[in-house]
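The next block holds one structure in the form of structure tokens; read it before the comments.
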Amino acid sequence: MPPRTPGLDPILVIDDEADLRELLDISIRRMGHDVVLAGSLAEAREKLSQRRYSLVLTDMRLGDGLGIEIVRQLSAAPERVPVAVITAYGSADNAVEALKAGAFDYIAKPVSLDQLRSLVLNALGRQQREDQDNAASAEAAQAADRAAALLPGHSPAMQEVRRSLSRLARSMAPVVISGESGSGKERAARAIHATSTRAAHPFVAVNCGAIPENLMESEFFGHVKGAFTGADAERGGFFQAANGGTLLLDEVADLPLAMQVKLLRALQERRVRKIGASREDAVDVRVMCASHKDLAAMVSAGQFRQDLYYRLNVLELRMPTLRERAEDIPVLARAILEHLAVRYGDPRPRRLSQAALERLVAYPFPGNVRELENLLERAYAFAEAEDIQLADLGPLDTNMERAAIRPAPSPLTPYTPWAGMMPAEPAPIPVSAPLTAAAPEPEAVAVAADLPDPAERACRGVVFPVDLPARLEDVEREIILQALAQTGFNRTAAAPLLGLNLRQLRYRIQQLGIRDGRDERDEGEGAA
Ligand SMILES: Nc1ncnc2c1ncn2[C@@H]1O[C@H](COP(=O)(O)OP(=O)(O)OP(=O)(O)O)[C@@H](O)[C@H]1O
């Protein structure tokens, strides 16, 4: 038996079943912790009034009431004692209710010792960190600072978001983050992770819409060597990569139904099996989802599984549009320009002239913060004066607008190399970018010309490619290389020139096998 963990308060176990109480007592003592037992709600209340506990683990159904009452009592108390619930097999509703009431985690019967161990370690790790800081208020202030640095803005909408963040960071429960494209959903997920006790572990963001369906299972759960053609080495998936940390499923609505079933199972069991493996591995991952689609409506339309929706949609956060918080534009613009100055190695960031700032504040930003960021990146790179002038912003309501608000691909769209990567209409070349488009070969010029019908094209001697997909890939590769060359192989700067986001560009670069020898430059954001 391991030695007692010194300095820790005991764990309170509340269960009206004597057998389970005894099992939990023995198992937790084997982990080296003291245990206090209570067999009813009344006894639990009495024990809670007598001393402090490092963790409370309560069954949901107790002879004289419900465990959720303990959850509510502890969540309302000023000192933050983590509380977790034990739910009956298959009663997902109870688990969801408890998480919403403030439980940090739950465990389903029959209790697995692995899960119990990981739950206790998580709870105590977090308690110890809070104790080490010695003052919960100092920790809370630090967390608030980190959140404010990631999500600046003084608007009431943003203050509300930051208030929610600290509540969300304290829980282990899944979070669904909704909001328009570019409103900062991924950024909010990062902020929750960075202010949670998982901050020292990985944050992995996965764009569900960018993964071909046939690769999905292997990308999520990994594979063993020889599991399929091309699997020449064992490899972990996103779940393994995010172990101990957070996994963000961006554009979760794009997950095919078959994958939704596998994901639900992994979330319920907290175990995953690599393709071709005979055993499952326990994983400790907090899942968050982001979507600009209405998931509830997708459930009604039969496009998203209801059981998965309930499992994921425990806690919610809505990111406001930039229109709803136009007063944050100056502070956001300053943060973005400071970031750009660091990237370009400028001693001091460029500033916006008064006229440029006023124009930005008056613009509705259909593409939200991403559009503001793209716009400032281009203006920063091409402004000739010290400050960014109104003219440097270019026309705000034309190409950039359409590129920024392009719809994400429908979950029913079959995969093509372009699906999820390209706008519904052809990507416009930003008007003010001095990008000299790839010098197209004569045949491409002819095909791209505005010719009315095939017969007329034939008359004008158009040479059609023998392999259209390969030809298109060549053109795409060439254009991407031009954009990379233009930006000194800086992918973050190249992406907006192409109307793509960084993840999409990275994915295309990988798919097209583009190597520039300086691949990893400026790859700070996103893990998938
Ligand atoms: N508060 C902010 N401060 C600075 N930059 C921000 C902020 N919010 C978002 N951004 C930037 O805007 C871009 C879009 O943000 P993010 O990817 O989080 O949005 P999203 O809502 O997840 O977008 P999508 O729906 O397209 O996935 C990112 O480059 C991000 O760095």
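Where a number appears in this text, it was derived from the coordinates with a stated rule and is not lab data. Being a predicted model, the structure only gives us computed values, none of them experimental. Glycine gets a Cβ as well: all are built from the backbone with ideal geometry, and neighbour counts include every protein chain shown.
Multiply the residue gap between Arg279 and Glu327 by 0.36 nm, knock off their C-alpha separation, and tell me the result in nm, one decimal place.
Details: separation 48, 0.36 × 48 = 17.28 nm, distance 5.37 nm.
The Arg279-Glu327 span can extend by a further 11.9 nm.
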Exercise. Taking neighbour counts of Cβ atoms within 10 Å as a proxy for exposure, in what order, fewest first, do Asp145, Asp474 appear?
Worked result: Asp145, Asp474
Exercise. What length, rounded to one decimal in nm, is gained on full extension from Gln510 through to Ala301, with 0.36 nm per residue of separation minus their alpha-carbon distance?
Worked result: 71.8 nm
For this session: Figure the gain on full extension for Ala199 and Ala258 (residue separation times 0.36 nm, minus the Cα-Cα span) and round it to one decimal in nm.
Result: 18.1 nm
Exercise. If each of Ala76 and Ala355 carries a label point 7 Å out from its Cα toward its Cβ, how far apart are those two points in nm?
Worked result: 6.0 nm
Exercise. For labels at Glu17 and Lys225 in the simple 7 Å Cα→Cβ model, what's the distance in nm?
Worked result: 4.4 nm
Problem set entry | Unsatisfied cross-links (Cα-Cα over 32 Å) in the set Lys47/Lys262; Lys100/Lys225; Lys185/Lys274; Lys100/Lys262; Lys100/Lys185; Lys47/Lys185 | Lys47/Lys262; Lys100/Lys225; Lys47/Lys185
For this session: Treat each spin label as a single point 7 Å out from the Cα along the C-beta direction, and report the Ser166 to Asp474 distance in nm.
Result: 6.0 nm
Exercise. Of Arg305, Arg348, how do they rank once you tally other Cβ atoms within 10 Å and put the fewest first?
Worked result: Arg348, Arg305
